[in-house]
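Okay, structure first, notes after.
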Amino acid sequence: MSDIEKVKKLREATGAGFKDCNQAIKESGGDLDKAIEILRVKGISKASKKMSRDAKEGVIAVSGDENKMSFIEVNCETDFVAKNDDFTTFVKELCELNNEHSSNVEVLKSSKMKNGDTVENNLVALIAKIGEKITIGKVKTLQNPGSVNCQYLHTVVKENLAKLAVVVSLETKDKSDTVKNFGKQLSMHIAASNPLALEASSIDKAIIDKELELVTEELKNSGKPEDIVKKISIGKMNKFKEENALMTQPWVMEPKKKVQDIIKELSISDLKIKEFYRIKIGE
């Protein structure tokens with residue numbers, strides 16, 4: 001095989017540029033396997049320099065079925081790369097592996113992809129090829145016995161890849177289309193309304209404390225008597241909790257009703273929202 005043919009083969013195998021491949025062939029004395037290793041080392045070097053940059057773009061991928069469903073967020077630097085075929089192909093395969101490993105990132109990174117190499121090494125190679133910082137962000141798997149998972153993707157980039165994704169786990173023995181349609185609508189509601197928790201009592205205490213601090217600061221210089229300030233403060237905090245708890249939010253498709261009212265109207269005695277998860281690129 002001539003050096004030109006080796007360079008061509010090396011480019012096909014690694015996706016690296018002609019100049020880098022040509023140099024690697026020379027450095028390896030024509031040994032293709034050694035040339036791949038040389039490029040990998042250089043790729044790691046290039047990748048490490050890029051890891052200090054911001055990666056706020058990317059996609060969220062969803063895989064699985066109504067019994068077990070997983071998210072994975074993969075970030076890059078630009079929306080252009082988020083639509084790149086090499087990037088999206090990598091994310092789709094990564095998402096299936098993530099579901100298989102139930103969102104255990106350490107196991108995921110060391111697992112093998114279709115080309116026989118690990119996720120971690122494929123990620124490094126992709127960074128070297130594309131020239132942007134690429135990172136694995138948030139991951140989540142929903143698998144609740146006796147529950148059905150429903151999903152909604154918003155701003156879809158490609159099949160199963162989006163900028164915003166929601167999965168809802170509904171606990172019920174009823175597996176009818178009514179339940180699945182409600183799950184889809186509820187996922188759309190969560191995408192739009194971004195609840196902080198299922199119930200007001202479940203909202204993170206740190207968030208409540210911060211909101212109370214802001215409300216208190218806002219009312220401090222109002223000149224109103226202390227007892228009036230206290231009443232206003234309680235009212236504002238109750239409203240904050242109501243607006244940020246899923247069950248008490250106005251139903252997006254019929255705002256005069258709350259989510260809990262819609263559930264009652266379905267008349268499915270054992271229907272409960274077991275869990276939900278919403279993820280948006282950049283948040």
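No value in this document is a laboratory result; all are computed from the given coordinates. Quick caveat, the model's predicted, so the values are computed rather than measured. All Cβ positions, glycine included, derive from the backbone under ideal geometry; neighbour counts span all protein chains shown.
List of remarks:
- Cβ charges +1 (Lys, Arg) and -1 (Asp, Glu), total dipole of the chain, debye: 340
- Over 31 Å between alpha carbons, listed pairs 224/256; 112/184; 34/92: 224/256; 112/184
- Between the range 167-188 and the range 52-93, the C-alpha centres lie 25 angstrom from each other.
- Given [x] 64, 46, 39; [y] 60, 53, 34; [z] 85, 53, 28, the label whose value is Cα extents along the principal axes in Å derived from this model: [z]
- Dipole of the chain, positive end: most advanced residue of 90, 201, 185 [Cβ charges, Cα centre]: 90
- Rounded tilt (10° steps) of 205-220 against the dominant C-alpha axis of the chain: 60
- Helical contribution to [θ] at 222 nm, DSSP H n ≥ 4, -39,500 (n - 2.57), averaged over the chain, rounded to 500: -15500 deg cm²/dmol
- Here's the list of lysines a cross-link from residue 230 could span, going by alpha-carbon distance under 20 Å and ignoring same-chain residues fewer than 8 apart: 205, 210, 220, 239, 241.
- Taking the longest Cα principal axis of the chain as reference, the axis of helix 226-244 is set at about 50 degrees.
- Contour minus Cα-Cα distance for residue 12 and residue 110 (0.36 nm per residue): 32.9 nm
- Enclosing the Cα atoms of the range 80-139 in their convex hull gives a volume equal to 80 cubic angstrom per residue.
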